[in-house]
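The block underneath contains the structure these notes are about, expressed in structure tokens.
The values are calculated or read from the model by the stated rules, or taken from the named source; none is laboratory data. The shown structure was predicted, so the numbers you read here are calculated from the model rather than taken from an experiment. Cβ atoms come from the backbone with ideal geometry, glycine included; neighbour counts cover every protein chain shown.
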Amino acid sequence: MLKDLIRKVNPEHIGLLTAALRSPSAHNAQPWKIKPLPGGHSYEIHYDHNDYLPEDPDDRDAYLTMGAFIETLALEASNFGLKVDVDLKLERSGDDLYIAEVLIEKAAPGSEVDPLSKFISKRVTNRNPYSKEPLSLELEAELKKLGNILIEPRLLKEVVTEASMKSWNNPRFVRDLYVWYRKDLTAPDGFTGPQMRFDILDTLALRFAFWRGQLKSKFVEKLYSTRDVAMFIAAPKAAVLAANDMSPGSLLDAGRRLLRSWVAIAGAGYSCHPFSIAIDEKSTALKVAELTGVPVPVALYRIGKATKQPYGSNRKKLEDVLIN
Ligand SMILES: Cc1cc2nc3c(=O)[nH]c(=O)nc-3n(C[C@H](O)[C@H](O)[C@H](O)COP(=O)(O)O)c2cc1C
């Protein structure tokens, strides 16, 4: 059955489609599904609602993730001598969200190459501490062009502390972690302890939270939020990505710009680390909007030069994301 599906993929596209699977996704859920269409040139891209994130009730992270996937595919294409045309659909039918039909063609010789394409494979999430070295002016300008507001992380200290403490006390947030936490370091999706830089105390607290459904201890909540926040505010910059509104089209566009921002950061030799809980919590999202002057903030992340390489994240195989 799986073998039959992989036979429907044009052999010239296997390298590109496999490379696109390295795209980032919230909780490394990899909710994309690819349907090869007859003729061997086009594919439908779907979002799988079975991979739905409970702490993402308005599907914000899902649309951002799918936008990032589409952009990764488009950027990777020129690394394979190909080009991708995206026809957005955004049609919902029951559990399924049909995101786009993509047409993959050979790139014309000498055709223009997106300058970010060559940096795409450098993009990873780095959760290690960052040095104080400031961002280059070129990178700052590029991030602003992509719709990010850059801010001193210290100015967000209170709001990220509040968000972090609230999240550990929120059964939906903890359930989300429970669904995607993997003890098996070779699991093809989800996140592992080393990837998140969990120590023994973290793992114990996580198990306790999974057992109770929440942390329910002001002391432990404070301990964990203090650590998260300390790393956040020590970074030289934080970015808040703006969207026009929360409609699927705007969020998908924001996801494409988010991916371009993260690739630009990697290309300039810096790292980034999202801090989504401040936006997931409605009350703190409003405060982020007020503090940054961004009416619709959809992503928050720290940026800087990482002091260490990150522990890698796994991916599903191409045959695991193909559908009929
Ligand atoms: C929309 C979105 C939101 C994310 N939010 C967080 C977050 O709040 N905290 C975090 O540590 N990583 C976050 N991530 C990063 C993912 O966990 C990461 O992309 C995934 O584990 C794959 O790892 P990689 O980015 O190193 O390839 C987010 C990624 C996306 C696309």
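A few comments on the model shown:
- For LYS132, the conditions (1) farther than 22 Å from PRO310 by Cα; (2) in contact with a helix residue (DSSP H, G or I) (Cβ under 9 Å, 6 or more places away or on another chain); (3) away from the ligand (no atom under 16 Å from the Cβ) are fulfilled apart from (1).
- Residue match in the stretch 279-300 (condition: touching a strand residue (DSSP E or B) at 6+ places or on another chain (Cβ under 8 Å), within 14 Å of the ligand (Cβ to nearest atom) and of a type in the set (S, T, N, Q)): no
- Qualifying residue in the stretch 115-127 (condition: touching a Leu at 6+ places or on another chain (Cβ under 7 Å) and more than 20 Å from LYS317 (Cα to Cα)): yes
- Residues within the stretch 1-26 that are part of a helix (DSSP H, G or I), modelled with pLDDT of 95 or more and charged (D, E, K, R), tallied: 1
- Taken over the stretch 280-324, the criterion of being under 30 Å from ILE34 (Cα atoms), of a type in the set (Ser, Thr, Tyr) and in contact with a helix residue (DSSP H, G or I) (Cβ under 7 Å, 6 or more places away or on another chain) is satisfied by TYR311, SER313.
- Among (1) loosely packed, with under 14 Cβ neighbours inside 10 Å; (2) in contact (Cβ under 8 Å) with a residue 24 or more places away in the chain; (3) within 16 Å of the ligand (Cβ to nearest atom) - the single one GLU138 does not satisfy: (3)
- Selection count, the stretch 258-286, where residues are under 12 Å from VAL159 (Cα atoms), buried (at least 18 other Cβ atoms within 10 Å of the Cβ) and either over 14 Å from the mean Cα position of the chain (by Cα) or among the β-branched types (Val, Ile, Thr) (or both): 6
- From the list THR125, THR192, THR186, the lone residue that is in contact with a Cys (Cβ under 8 Å, 6 or more places away or on another chain) and β-branched (Val, Ile, Thr) is THR125.
- Here ALA108 passes the criteria (1) out of contact with any strand residue (DSSP E or B) (no Cβ under 9 Å at 6 or more places or on another chain); (2) outside the structural domain of ASP245 (by TED's automatic domain parsing); (3) not aromatic (Phe, Trp, Tyr) except the one numbered (1).
- Criterion (touching a strand residue (DSSP E or B) at 6+ places or on another chain (Cβ under 7 Å), of a type outside the set (A, V, I, L, M) and more than 21 Å from PRO188 (Cβ to Cβ)) met by exactly one of LYS83, LYS33: LYS83
- Restricting the stretch 41-53 to residues that are modelled with pLDDT under 95 and part of a loop (DSSP other than H, G, I, E, B), the residue that is surrounded by the most Cβ atoms within 10 Å (Cβ to Cβ) is LEU53.
- Of TYR130, TYR98, all but one fail to be surrounded by 13 or more Cβ atoms within 10 Å (Cβ to Cβ), closer than 23 Å to SER261 by Cα, under 24 Å from the mean Cα position of the chain (by Cα) and aromatic (Phe, Trp, Tyr); the exception is TYR130.
- Scanning the stretch 141-164 for residues that are part of a helix (DSSP H, G or I) and either outside the structural domain of LEU286 (by TED's automatic domain parsing) or of a type in the set (S, T, N, Q) (or both) gives THR161, SER164.
- Within the stretch 252-277, the residues that satisfy the criterion of being within 9 Å of the ligand (Cβ to nearest atom) and part of a helix (DSSP H, G or I) are GLY255, LEU258, LEU259, TRP262, ILE277.
- Within the set ILE120, ILE104, ILE99, the sole residue that is in a strand (DSSP E or B), of a type in the set (Val, Ile, Thr) and within 16 Å of the ligand (Cβ to nearest atom) turns out to be ILE99.
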